[in-house]
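> Okay, handing you the structure first.
The values are calculated or read from the model by the stated rules, or taken from the named source; none is laboratory data. Every value quoted in this text rests on a predicted model; they were computed, and no experiment measured them. A quick note on method: Cβ atoms are made from the backbone with ideal geometry, for glycine too, and the neighbour counts reach across all protein chains shown.
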Amino acid sequence: MLNAILKAIGLSSKDERRQFERYPVTSPIEVTVAGKAHNCIIDNVSVGGLRLEPPVDAEPGADLTIKHPESGLNLTGQLIGNDTDGSRISFKSSEAGAVVSVWLRMMHEQLSEESRPE
């Protein structure tokens, strides 16, 4: 609650480092780094980037290409970091990130609605 209040007035707590709100999504994605393709699953997305599982085999700072096979989405990003469960990727373009973030969230919501029993 405190984080929401601080965010609303333009401040953030010491624990809140994220510039953009993250949204949970689940979608397959292909990430190519130095010519090597990795099949991953998007865990969450924001205007600034996304988190993938499993981790991409590359060093932080590596440039990469993100492709969504079903839609033809193709954009560039940079590997921010890895942990034991996944990788954090930032988009090179915040404008592209805004479009991708909204599009992935809408696609995720549509698939979630389709899988609900009637």
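> Could we say that residue 65 is surrounded by fewer than 12 Cβ atoms within 10 Å (Cβ to Cβ), out of contact with any Lys or Arg (no Cβ under 9 Å at 6 or more places or on another chain) and over 18 Å from residue 25 (Cα atoms) here?
no
> Out of (1) over 12 Å from residue 31 (Cβ atoms); (2) at pLDDT below 95; (3) in contact with a strand residue (DSSP E or B) (Cβ under 9 Å, 6 or more places away or on another chain); (4) surrounded by fewer than 20 Cβ atoms within 10 Å (Cβ to Cβ), what's the single condition that is false for residue 74?
The failed condition is (1).
> Of the residues 47, 25, which single one is under 18 Å from residue 109 (Cβ atoms), at pLDDT below 85, hydrophobic (A, V, I, L, M, F, W, C) and in contact with a Gly (Cβ under 8 Å, 6 or more places away or on another chain)?
47
> Scan region 43-58 and report the pairs whose first residue is more than 12 Å from residue 20 (Cα to Cα) and whose second residue is surrounded by 20 or more Cβ atoms within 10 Å (Cβ to Cβ) and among the acidic types (Asp, Glu), with Cβ atoms within less than 6 Å and a gap of 6+ or a chain change.
If the second residue must be surrounded by 20 or more Cβ atoms within 10 Å (Cβ to Cβ) and among the acidic types (Asp, Glu), no pairs are left.
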